[in-house]
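The values are calculated or read from the model by the stated rules, or taken from the named source; none is laboratory data. The structure presented is a predicted model; accordingly, all values stated were derived computationally and were not measured. Here Cβ is always computed from backbone atoms with ideal geometry, including for glycine, and neighbour counts include all displayed protein chains.
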2 protein chains.
Amino acid sequence: MTDIKLISEGLKNNNYRILARAISLVENEDEQADGLLNEVFRDTPPVYRLGVTGPPGAGKSTLLSRLVRLFREQQKKIGIIVVDPTSPFTGGAVLGDRIRMNELSSDPGIFIRSMATRGSLGGLSRTAQDVADLMAVAGMDLIVFETVGVGQGELDVARASDTTVVVLVPESGDSIQAMKAGLMEIADIFVINKSDRDGAEKMKIELEMMLQLRAGEDKWIPPIVKTIANNGDGINELFDTVQQHGKYIRNAGILKDKRSARMIEKIQALVSRDLLNQFWSPGRQELLKNKLEELLDRTLLPVNLIKDLKNLEK
Amino acid sequence: MTDIKLISEGLKNNNYRILARAISLVENEDEQADGLLNEVFRDTPPVYRLGVTGPPGAGKSTLLSRLVRLFREQQKKIGIIVVDPTSPFTGGAVLGDRIRMNELSSDPGIFIRSMATRGSLGGLSRTAQDVADLMAVAGMDLIVFETVGVGQGELDVARASDTTVVVLVPESGDSIQAMKAGLMEIADIFVINKSDRDGAEKMKIELEMMLQLRAGEDKWIPPIVKTIANNGDGINELFDTVQQHGKYIRNAGILKDKRSARMIEKIQALVSRDLLNQFWSPGRQELLKNKLEELLDRTLLPVNLIKDLKNLEK
């Protein structure tokens, strides 16, 4: 058997060591990655995807480790993908503070993987989704994405998830204020964590007011759940709410729409990579390099260079 | 004269009303946008680009309005591009809190434009850079990008800028802590704003320690400037430091490298758009739509669909 066949078999047998290796292939864009994803495509079940996002310090990891325990009581196997903001220089993950998640990793029903986002070309969601697929092949019944976000991160996680939980904390200052509007658009459920702090109720009322402005007749209005992850308060309610949202989107046909949109994005990304790889032959890269000086001097128009690039026989 | 000729003439005559219109064409991806950028390409001077980023609530706008006044004393005309985190649904900018910047906008030597980031395909840096080019054509001597970031935003701004200033505030909690490592990679200059608050000196020492770990012999070590933007403390020092960095990268050849990298990215983005527009003909979009069900059922492999898409005669 080829390597790919072996890895594929290992995944289907729920071998975690092989899962870890398969994920690395995908993360590193190894030349075997495509072949592997291809090999397991038919055996990839449509596993539910839960996204958890919010600002740094909101207590996402603690909350998640509590929530995951409730899913474990239902005997669900859970794959957790922690997506960290990236460094464009080292390519490495920059948040290392995953201590609280570690207690979960001794549970054989849980598989945790930390990933860095790379580059800006939607790299997060593409690779993270491929990793989620591998986890699904390897027997996970639920995939959880955890990511930090202001800006791009939380959009990617919302796109990749069936249910998106946005975790906030009652805090003064502009920080949360500034994020709220953006998060408003992507949240299916709001959590106000550390809700024993001052301002939790005020924040809830503010959120409710903002949500009412958007409420449509037959639309899901994001519930707001107050939690104290440190002692477990509100986690049961959050657990129930996540399941309610799951039922809602399944019945309303939204789950199917989300899966369709993600499949279309997948195909588009594959096509895009194919076309660009094919186009940027060594000869064309060379031509661009040779013409760079003229571009910077503004004596050569980009549109004319692009014509020349296209006309070049590879 | 065509519209494009008229707009191009207006830009070269430093007509702000026409600049605003030109920017809208580029922002809205109007069909005239490419023609316009093409028309003014030869007349686009290589204007210096300063990026200012940091978490929400760090006081970036106040700091920037102070800093910009010092550049104005040198009679420099300044284009400011405020990039706001996006909503994928409304496409609109979500931070509206630009009151402090407004006092600047009555100065005829300053042109401010607020932009939303769109989508995830590096949309920010591409469009923001085209907008910066238009501002340069219209006589601006310095372009300033201001953006909020944890995650993607600050990477884009660093890529688009010649000098990147990262603004932090002394604050307890994980928030800043979590961001620091990522920001470390992109900062040419650190600002600790609101430095009359507790913890400013401690933060400075921590940053210095992290920076020392990376220091190379002949490399620029990011200076740390303490400021209180509200009363102007430290702004002169920041102003000097920005100019020192500008001199450094000019002399070390780094400025040229940055401009080259940006030009290459520009050409790659144009090529990419071209190839994708050409590929995704109505017929191919139709084929993808028709095969979606089979993809979701996992009975059709993506790789096979892509073959069929390629073989389709448009």
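Within the stretch A:222-231, does at least one residue satisfy the condition of being in contact with a His (Cβ under 9 Å, 6 or more places away or on another chain) and surrounded by 12 or more Cβ atoms within 10 Å (Cβ to Cβ)?
yes
Please verify whether the stretch B:216-224 includes one or more residues that are more than 21 Å from the chain's Cα centre (by Cα), on the phi > 0 side of the Ramachandran plot, among the charged types (D, E, K, R) and not in a helix (DSSP H, G or I). Before the answer, list the steps.
Kept after step one, since they are more than 21 Å from the chain's Cα centre (by Cα), are these residues of the stretch B:216-224: B:216-221, B:223-224.
Next, from what is left, pick out any that are on the phi > 0 side of the Ramachandran plot: none.
Taking every residue of the stretch B:216-224 in turn, none turns out to be more than 21 Å from the chain's Cα centre (by Cα), on the phi > 0 side of the Ramachandran plot, among the charged types (D, E, K, R) and not in a helix (DSSP H, G or I).
Identify the single condition in (1) more than 16 Å from B:Arg49 (Cβ to Cβ); (2) within 9 Å of another protein chain (Cβ to nearest Cβ); (3) surrounded by 13 or more Cβ atoms within 10 Å (Cβ to Cβ) that B:Lys289 does not satisfy, given that it satisfies every other one.
Exception for B:Lys289: condition (3).
State yes or no: is A:Gly35 within 14 Å of chain B (Cβ to nearest Cβ), assigned to a helix (DSSP H, G or I) and in contact with a helix residue (DSSP H, G or I) (Cβ under 9 Å, 6 or more places away or on another chain)?
For A:Gly35, the condition - within 14 Å of chain B (Cβ to nearest Cβ), assigned to a helix (DSSP H, G or I) and in contact with a helix residue (DSSP H, G or I) (Cβ under 9 Å, 6 or more places away or on another chain) - is met.
Keeping to the stretch B:256-283, report how many residues are of a type in the set (D, E, K, R) and surrounded by 17 or more Cβ atoms within 10 Å (Cβ to Cβ). Full working, then the answer.
Filtering the stretch B:256-283 for residues of a type in the set (D, E, K, R) gives B:256-259, B:262, B:265-266, B:273-274.
Filter once more, keeping what is surrounded by 17 or more Cβ atoms within 10 Å (Cβ to Cβ): B:258, B:262, B:266.
Summing the residues that are of a type in the set (D, E, K, R) and surrounded by 17 or more Cβ atoms within 10 Å (Cβ to Cβ) in the stretch B:256-283 gives 3.
Take the conditions free of Cβ contacts under 8 Å to residues at least 40 places away in the same chain, farther than 28 Å from A:Gln285 by Cα and surrounded by fewer than 12 Cβ atoms within 10 Å (Cβ to Cβ) and apply them to B:Lys307. Does it pass?
Here the answer is no, as B:Lys307 does not meet what is asked.
May I ask you to list the residues in the stretch B:47-66 that are at pLDDT below 95 and in contact with a Leu (Cβ under 9 Å, 6 or more places away or on another chain)?
B:Val52, B:Thr53, B:Gly54, B:Pro55, B:Pro56, B:Ala58, B:Leu63, B:Leu64, B:Ser65, B:Arg66
Any residue in the stretch A:266-279 that is within 7 Å of chain B (Cβ to nearest Cβ) sitting within a Cβ distance under 9 Å of a residue that is β-branched (Val, Ile, Thr) and in a helix (DSSP H, G or I)? List the pairs, counting only those 6 or more apart or interchain.
Filtered contacts from the stretch A:266-279: A:Ile267/B:Ile306; A:Leu270/B:Val303; A:Leu270/B:Ile306; A:Val271/B:Ile306; A:Asp274/B:Ile306; A:Leu276/B:Val271; A:Phe279/B:Val271.
Checking the structure you have, find out if any residue of the stretch B:220-237 is among the hydroxyl-bearing types (Ser, Thr, Tyr) and either farther than 26 Å from B:Leu63 by Cα or not assigned by TED's automatic domain parsing to the domain that holds B:Ile186 (or both).
For the stretch B:220-237, residues among the hydroxyl-bearing types (Ser, Thr, Tyr) and either farther than 26 Å from B:Leu63 by Cα or not assigned by TED's automatic domain parsing to the domain that holds B:Ile186 (or both): absent.
For A:Arg262, which of the numbered conditions (1) touching a helix residue (DSSP H, G or I) at 6+ places or on another chain (Cβ under 9 Å); (2) outside any helix (DSSP H, G or I); (3) basic (Lys, Arg) fails to hold?
Among (1) touching a helix residue (DSSP H, G or I) at 6+ places or on another chain (Cβ under 9 Å); (2) outside any helix (DSSP H, G or I); (3) basic (Lys, Arg), the lone unmet condition for A:Arg262 is (2).
Scan the stretch B:294-314 for residues that are in contact with a Leu (Cβ under 9 Å, 6 or more places away or on another chain), under 23 Å from A:Lys258 (Cα atoms) and in a helix (DSSP H, G or I) and jot them down. Lay out the reasoning, then the answer.
Here is the first cut: in the stretch B:294-314, the ones in contact with a Leu (Cβ under 9 Å, 6 or more places away or on another chain) are B:294-295, B:301-303, B:305-306, B:308-309, B:312.
Then keep just the ones that are under 23 Å from A:Lys258 (Cα atoms); that gives B:294-295, B:301-303, B:305-306, B:309.
B:Glu294, B:Leu295, B:Pro302, B:Val303, B:Leu305, B:Ile306, B:Leu309, listed by residue number.
Mind checking which residues of the stretch B:38-56 are buried (at least 20 other Cβ atoms within 10 Å of the Cβ) and facing chain A (nearest Cβ under 8 Å)?
Hits for the stretch B:38-56 are B:Pro55, B:Pro56.
Go through A:Asp233, A:Asp257 for me and flag whichever is within 14 Å of chain B (Cβ to nearest Cβ) and among the acidic types (Asp, Glu). Working first, answer last.
Working: A:Asp233 fails: within 14 Å of chain B (Cβ to nearest Cβ).
Criteria check complete, one pass: A:Asp257.
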